[in-house]
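In what follows, a structure is listed as structure tokens, so that the remarks can point back to it.
The values are calculated or read from the model by the stated rules, or taken from the named source; none is laboratory data. Remember, predicted model here, so these are calculated numbers, not experimental data. Positions of Cβ are backbone-derived with ideal geometry, glycine not excepted, and every protein chain shown enters the neighbour counts. Surface accessibility is based on the protein's heavy atoms, side chains included, excluding ligands, DNA and RNA. Shrake-Rupley method; radii C 1.70, N 1.55, O 1.52, S 1.80 Å.
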Amino acid sequence: MRKKIIAGNWKMNTDKKDSKNLVSEIVKNSEEKNHTYIILSPPYIYLQQAITDCMHRKDILVASQNCSSFDNGAYTGEVSAKMLKSIGVDYVIIGHSERRQYFKESNDILNDKILQALSNNLKVIFCCGEDINQREKNEFFDVINDQLSSTIFKLDSKKLSNIIVAYEPIWAIGTGKTASPEQAQEMHFYIRSLFKKNFGDNVGDNISILYGGSCKASNAKTIFSQSDIDGGLIGGASLKSADFISIINSI
Ligand code: PEP
């Protein structure tokens, strides 16, 4: 059975106290369910505290929002995958559109980061998504195929069991404009069919594909009820514990 996942990406938000409170509210107000995981992704400096506070819950995992593409050495300000693993991080988010856009992360850099994460036994939430021009020009299937072909489709099928895909149309991220459940399902079905074509039915049937982009308490249930949508990567709505818990309860 495919894993269901609700992941919260806090981006560069919260301070030490907010971060701790958010984790404790989520722990307190959510219940362990079979095959369902909650992934919390606070900023780097709050990861250790979040890991400690979730330690007793096997269904709550912690993700870093980034990792270095380098192994170790003279790279001021960078945090390596090995360091993240050493404090107990489970996942790394790679390929988020904000990192591609603001930090100019190319496919080559993303591939280096994926290899760093996987070789240090971290799992990856890999993001893909088209921009509004590509959507309006009906290029979205080709764009997603290209983004996946130049990155995670280069991995061997064994490594794919450590990858979650997040489909995040850029025009829906932080805009309040959500993809309709039909638009999201159509793309998730397409992504799954690409995995089946390239790696076989078993890989395609087992990979979790999350939707991200203005997902909130009011629309989560309809989005998650689509057959190829296995949960969500949530930005803004993951910063309020009541909203995030309501999204968790929609799965
Ligand atoms: C995101 O940035 O991954 C995201 C989905 O953001 P939001 O939910 O705020 O659109």
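Structural remarks
- Within the same chain, lysines fewer than 8 places from Lys104 are excluded, and of the rest, those with a Cα less than 26 Å from its Cα are Lys11, Lys82, Lys85, Lys113, Lys123, Lys137, Lys154, Lys159, Lys177.
- Sorted largest first by accessible area at a 1.4 angstrom probe radius, with every protein chain in place, the residues Glu168, Glu182 fall in the order Glu182, Glu168.
- For the range 1-138, the residue among Tyr91, Met12, His35 whose Cα projects farthest onto the positive side of the dipole built from Cβ charges is His35.
- Here the simple spin-label model places points 7 Å from the Cα toward Cβ, and for Phe70 and Gln183 these points are separated by 4.0 nm.
- In the range 23-63, the portion of solvent-accessible area held by carbon and sulfur atoms comes to 52 percent [1.4 Å probe, whole percent, DNA, RNA and ligands not counted].
- Subtracting the Cα-Cα distance of Asn206 and Ser227 from 0.36 nm times their residue separation leaves 6.3 nm of extension gain.
- Here Tyr190 and Ile87 are evaluated by their C-beta separation; at R0 = 35 Å the FRET efficiency comes out at 0.45.
- Per-residue Karplus couplings for the range 40-48, computed as 6.51 cos²θ - 1.76 cosθ + 1.60 with θ equal to phi - 60°, are listed in order as 10, 10, x, x, 2, 6, 9, 4, 4 Hz, Gly and Pro entered as x.
- Each Lys and Arg contributes +1 and each Asp and Glu -1, all at the Cβ; summed about the Cα centre of the chain, the dipole is approximately 540 debye.
- Estimated 222 nm signal from helices in the chain, with DSSP H stretches of n ≥ 4 weighted -39500 (n - 2.57), rounded to 500: -11500 deg cm²/dmol
- The range 237-251 residues near the modelled Asp59 label - backbone nitrogen below 19 Å, point 7 Å along Cα→Cβ: 238, 241-251
- With DNA, RNA and ligands ignored, accessible area of His35 (1.4 Å probe; Å², nearest 10): 90
- Accessible area (Å², 1.4 Å probe, nearest 10) - Tyr102: 150
- Where Leu160, Leu115 fall by accessible area, highest first, once all protein chains stay in place (1.4 Å): Leu115, Leu160
- Where a label projected 7 Å from the Cα of Asp108 along Cα→Cβ would reach, residues of the range 144-185 with amide N under 20 Å: 146-155
- Classification of the chain by its C-alpha gyration tensor yields a rounded form. The axis ratio a/c (a ≥ b ≥ c) stays under 1.5.
- Inter-site label distance for Asn21 and Asn138 at 7 Å from Cα along Cβ, in nm: 5.0
- Among the chymotrypsin sites (Phe, Trp or Tyr not before Pro) in the range 1-93, those located in a DSSP loop and surrounded by at most 15 other Cβ atoms within 10 Å of their own Cβ are Phe70, Tyr75.
- Solvent-accessible area of Thr76, all protein chains in place: 140 Å² (probe radius 1.4 Å, heavy atoms, ligands and nucleic acids excluded).
- Ranked from largest, the principal axis spans of the Cα set of the range 110-213 equal 36, 26, 20 Å.
- Note on exposure: Asp59, Asp146, Asp131 ranked by accessible area (1.4 Å probe, complete protein assembly) read Asp146, Asp131, Asp59, with the most exposed listed first.
- Of the GluC sites (Glu not before Pro) in the range 1-59, those whose Cβ has at most 10 other Cβ within 10 Å and which sit in DSSP loop: Glu31
- A 1.4 Å probe run over the range 94-251, with the rest of the protein chains in place, finds 43 Å² accessible per residue.
- Label point at Gln101 placed 7 Å out along Cα→Cβ; residues across the range 143-162 whose backbone nitrogen lies under 20 Å: 143-148
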